[in-house]
1. Inspect segment 61-84 for any residue being in contact (Cβ under 8 Å) with a residue 60 or more places away in the chain, farther than 14 Å from Ile138 by Cα, open to solvent by 20 Å² or more (accessible area, probe 1.4 Å) and not in a helix (DSSP H, G or I) and give the result as yes or no.
2. Please go through segment 227-275 and pick out each residue that is free of Cβ contacts under 8 Å to residues at least 24 places away in the same chain and within 21 Å of the chain's Cα centre (by Cα).
3. Only one residue in Glu125, Glu143, Glu94, Glu134 is free of Cβ contacts under 8 Å to residues at least 24 places away in the same chain, among the acidic types (Asp, Glu) and either within 21 Å of Leu236 (Cβ to Cβ) or in a helix (DSSP H, G or I) (or both), so which one is that?
4. Before we move on, is Thr37 more than 21 Å from Arg135 (Cβ to Cβ) and either surrounded by 13 or more Cβ atoms within 10 Å (Cβ to Cβ) or out of contact with any His (no Cβ under 7 Å at 6 or more places or on another chain) (or both)?
5. Go through segment 99-111 and give me each residue that's over 21 Å from the mean Cα position of the chain (by Cα), in a helix (DSSP H, G or I) and surrounded by fewer than 22 Cβ atoms within 10 Å (Cβ to Cβ).
Amino acid sequence: PRTSPPHPAMGDTKKKPSQMVAFFSGAVSGATEITVTMPLDTIKTQMQLNPKLGLTGTVQNVLAQKGPQGFYFGYSAMLSQVALKAAIRFWAYEQSKNALETWLHPVDDRNKINAISGVFAGVVEAAAWVTPTERLKIMRQREINSLNPRFNSLIGSVGIVVREQGAGSLFVGFPATAVRQGMAMGIRFALYDELKVMIAGEGNKPTPYQLLAAGCATGTISSLVNQPVDTAKSRLQAQDKGAIPRYTGMVNCITTMSREEGPLALYRGSLPRVARLTIGQGIIFASYDTIREMLTKALG
């Protein structure tokens with residue numbers, strides 16, 4: 001198989017990023033991404049939770065209920081979620097990649113290692129952070145039409161959910177979240193190196209704009225592939241633990257929605273989600289590469 005060239009943030013054998021550099025660079029890139037794309041995530045989630053509203057109706061509803069600031073409803077929780085998620089992702093990715101390169105040395109298929117490490121990073125971030133914070137985000141977004149929302153802060157929301165539904169309820173939807181994250185990260189990390197070479201040319205160092213373009217492409221492709229899983233995850237996490245659930249799991253949710261609402265229901269909210277992940281992954285990958293390189297040089 002064709003051996004892909006080492007990517008400066010994902011396999012440079014001359015100078016690998018340290019654990020702390022990978023973690024910090026990921027956190028900053030994640031914070032930058034969600035600050036730009038939060039409105040699109042709010043629209044996507046509302047469209048998935050309110051099937052009767054289309055794109056225009058969802059935007060109008062958010063503006064009517066909360067005003068322009070409604071598009072950043074739950075921003076503090078999302079900021080901490082996405083920043084730490086990206087930090088865990090790149091840390092786990094680098095750890096897995098370094099271990100596999102050592103174990104499988106010499107490496108003859110870097111794309112395969114990128115993909116495996118990406119899947120590993122996605123599952124780790126789902127277990128360590130994404131599932132509980134996504135659960136809280138969904139619970140908060142569910143109250144966007146309420147005049148007296150109960151979930152007003154991250155810490156307060158944790159207290160309410162744990163007190164009323166138990167600590168395990170924070171991990172409602174974990175299988176779907178792990179599948180979504182593992183699938184998405186495997187695709188993105190596997191494609192990123194190849195797309196950079198296609199855009200910049202063999203042997204050329206990509207410019208920041210070319211890094212942005214490559215990252216955007218990974219976001220578009222991965223979001224289209226796993227959109228049904230994301231929709232199922234949102235529906236599952238909107239259910240209260242302890243109540244009689246409408247959906248018993250990811251597969252049941254996908255099949256029930258397809259049967260009752262039609263297969264296209266699984267792609268509800270896909271337009272803002274694809275837009276958000278296209279922009280967001282461009283920002284994350286380009287920011288991570290740039291910050292990682294700066295920090296690595298500064299720290300020697």
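1. There is no residue in segment 61-84 that is in contact (Cβ under 8 Å) with a residue 60 or more places away in the chain, farther than 14 Å from Ile138 by Cα, open to solvent by 20 Å² or more (accessible area, probe 1.4 Å) and not in a helix (DSSP H, G or I).
2. Val251
3. Exactly one of Glu125, Glu143, Glu94, Glu134 is free of Cβ contacts under 8 Å to residues at least 24 places away in the same chain, among the acidic types (Asp, Glu) and either within 21 Å of Leu236 (Cβ to Cβ) or in a helix (DSSP H, G or I) (or both), namely Glu143.
4. No; evaluated as a whole, the condition is false for this residue.
5. Ala99, Leu100, Glu101, Thr102, Trp103, listed by residue number.
Each row is one residue, and each column tells you yes or no for (1) modelled with pLDDT under 95; (2) open to solvent by 60 Å² or more (accessible area, probe 1.4 Å); (3) in a helix (DSSP H, G or I); (4) not β-branched (Val, Ile, Thr).
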| site | (1), (2), (3), (4) |
| --- | --- |
| Lys205 | yes, yes, no, yes |
| Ser222 | no, no, yes, yes |
| Pro272 | yes, no, yes, yes |
| Phe285 | no, no, yes, yes |
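The values are calculated or read from the model by the stated rules, or taken from the named source; none is laboratory data. Since we're looking at a predicted model, the values are computed, not measured. Glycine gets a Cβ as well: all are built from the backbone with ideal geometry, and neighbour counts include every protein chain shown. These accessible areas exclude ligands, DNA and RNA; they are computed on the full protein's heavy atoms, side chains included. Shrake-Rupley method; radii C 1.70, N 1.55, O 1.52, S 1.80 Å.
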